[in-house]
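Below is one structure, written out as structure tokens; the observations come after it.
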Amino acid sequence: MWSCRSTKVLTTAHSGKYKSYTLSNYKTIPQVATLSEEQKFAIEVVGRVLPFKTNSYVVNELIDWDNVPDDPMFILNFPRKEMLLPHHFDRMADLVRCGASKQEITGLANDIRLELNPHAAGQLDHNRPFLNGERLPGLQHKYKETVLCFPSQGQTCHAYCTFCFRWPQFVGVDDLRFSMRKASQLVDYVKMHPEVTDVIFTGGDPLVMRTKVFASYLKHLIAADIPHLETVRIGTKSLSYWPHRFTSDSDADDLLYLFEEVAASGKHLALMAHFNSPREIETDAVQEAICRIRSTGAQIRTQSPLLRHINDSADSWVDLWKKQVNLGCVPYYMFVVRDTGAQHYFGISLSRAWEIYRESFSRVSGIARTVRGPSMSAFPGKVQVLGVTEVGGEKVFVLQMLQGRNPDWVARPFFAAYDIKASWLDDLQPAFGEKQFFFEKET
Ligand SMILES: *Cc1c(COP(=O)(O)O)cnc(C)c1O
Ligand code: SF4
């Protein structure tokens, strides 16, 4: 049913079984033997603070081991020394070297984690909705028309990105974990909120869940036949980290039937796929997966942060967007890497981010210019850097909100004093000597 004429039929339908690697078994990866002792030690040290997980597909098909350690896919999954600040690295390195107890290591790891801004963008205390006076821990409702849902079984990924902004969920800092066990709460909440048009399943990666488990959420929502619900989105990295989820996993076909069912119900189904570098969209497996998904009536939109050491060049984005468009995917957001975790390693100044966006955008046809960015998912909203210019002799950033905590803030240009080093909204000051940004006056 989902045979895809546009891609090569995979003769080796499967590049092996999904095999997961973490700190406890990564040395069994044959290619790891080519790393130096120093590189392996850095993995041991950094991997004790930030989550580390990779898998057989990433190792065998995405990473170019001849290009290690500079290969973007290697950097995306494998920890390295510079991902911790030097004083954090040295403290943890001392403990690991002297064979400290598990308890001591965990204690220090937690201390360091708290210094890495784990609650970026106020995720923990804000946007948590209530239903009949009861808090709903698995939902987040920040922007009027969209509700995020974090199914408890989907709060992990097929591999972990070293820049991950959801990392606190993966390191067992339990009170950061969003979870939702009962699909009925989601349905009741959406029913009671006529302003909500979109539900986004997110994680982690909801497509880590078996189809049966995911279906229990999705079918419930569709069966409720809520007239104001227009779009169901699934935020996923599976196309990149485990495309076999859509092709040859034992429940891959069932997943596609489920997509077809959602699309047939009249709701728009969109996969919000996360691709950081062109390699992720080049394999036969991912291309077959995209073709199969699209043939169910679902659409694929793509997003990624702009990451130093991984995709910080216009060439990389032009390549990424063109390949996506050729496969029928729609480029959606380019994000600024959040101020959490290893941001000091991956972060890019806002002025450089805008230059890269501008150059990439100007080099693709209008078909790929659906992408908006560079955008910061900050506390007041999604703030886009529109550009750098001069107003009345003062050099300024021109900004606007693509999403706002208050919908009235959206699409109003505002100005910040130019700062060549600024890499996040918090680093910016209002232009023209003003004390506050317009949205700060209202809160
Ligand atoms: C980005 C985002 C959304 C979705 O916003 P769109 O602009 O509709 O894609 C919803 N909730 C949160 C918290 C977000 O960061
Ligand atoms: S796919 Fe998303 S949630 Fe998962 S590790 Fe990467 S950034 Fe984090």
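In table form, for the structure just shown:
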item: Positive-end residue of PHE89, GLN103, MET73, charge dipole of the stretch 7-114 with Cβ unit charges; result: GLN103
item: Theoretical FRET efficiency, 1/(1+(r/R0)^6), r = Cβ-Cβ of GLU394 and ASP111, R0 51 Å, to 0.05; result: 0.75
item: For the chain, the longest site-free run once GluC sites (Glu not before Pro) in DSSP loop states with at most 14 other Cβ atoms within 10 Å are removed; result: 283-439
item: Largest-first principal axis extents of the Cα set of the stretch 141-250 (Å); result: 38, 34, 20
item: Stretchable slack from ASP70 to VAL96, in nm (0.36 nm times residue separation minus alpha-carbon distance); result: 6.8 nm
item: Carbon plus sulfur fraction of accessible area for the stretch 80-119, probe 1.4 Å, in percent; result: 54
item: GLU434-ALA263 pseudo-label distance in nm [points 7 Å out on the Cα-to-Cβ vector]; result: 4.5
item: Relative contact order (percent, whole number), the chain, Cα cutoff 8 Å, 6+ residue spacing; result: 13
item: Spread of Cα-to-Cα distances over 10 Å intervals beginning at zero, given as percent, for the stretch 122-163; result: 23, 46, 26, 5
item: Rg over Rh [alpha-carbon atoms, Kirkwood Rh] for the stretch 254-405; result: 1.02
item: Estimated distance in nm for a label pair at ARG363 and GLN39, the labels positioned 7 Å out from Cα along Cα-to-Cβ; result: 2.7
item: Inter-part distance where the stretch 41-60 and the stretch 132-150 are each reduced to a Cα centre, Å; result: 32
item: Cα-centred dipole magnitude for the chain, charges only on beta-carbon of K, R (+1) and D, E (-1), debye, nearest 20; result: 680
item: Reachable aspartates and glutamates from LYS19, criterion Cα separation under 16 angstrom, eight or more residues apart if same chain; result: GLU61, ASP249
item: Where the Cα pairs of the chain fall when distances are cut into 20 Å bins, in %; result: 24, 59, 17, 0
item: Estimated vicinal HN-Hα couplings, Hz - the stretch 385-392 in sequence order (Karplus 6.51, -1.76, 1.60; Gly, Pro = x); result: 7, 7, x, 10, 8, 10, 10, x
item: Value of relative contact order over the stretch 7-114, rounded to a whole percent, pairs C-alpha under 8 Å and six or more apart; result: 28
item: Phi to ³J(HN,Hα) by Karplus 6.51 cos²θ - 1.76 cosθ + 1.60 over the stretch 308-320, Hz, x for Gly, Pro; result: 4, 6, 10, 9, 8, 8, 4, 4, 5, 6, 4, 4, 4
item: Å² per residue, accessible surface of the chain at 1.4 Å; result: 42
item: Surface share of carbon and sulfur [accessible, 1.4 angstrom probe, percent] for the stretch 397-443; result: 49
item: Two-site label geometry, ASP312 and ARG128: point separation in nm, points 7 Å out along Cα→Cβ; result: 3.5
item: Alpha-carbon centroids, the stretch 92-107 and the stretch 68-90: separation in whole Å; result: 19
item: Intensity falloff of the stretch 7-114 expressed as log10 I(q)/I(0), Debye formula with alpha-carbon point scatterers, at q = 0.15 Å⁻¹; result: -0.68
item: Amide H contacts of VAL388 (H built 1.01 Å from N, under 5 Å, at least 5 apart or other chain); result: VAL398
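The values are calculated or read from the model by the stated rules, or taken from the named source; none is laboratory data. Just so we're clear, the structure is a prediction, and the values are computed from it rather than from any experiment. We place every Cβ from the backbone using ideal geometry, glycine too, and count neighbours over all the protein chains shown. Areas reflect the complete protein model, heavy atoms only, side chains present, ligands, DNA and RNA absent. Shrake-Rupley method; radii C 1.70, N 1.55, O 1.52, S 1.80 Å.
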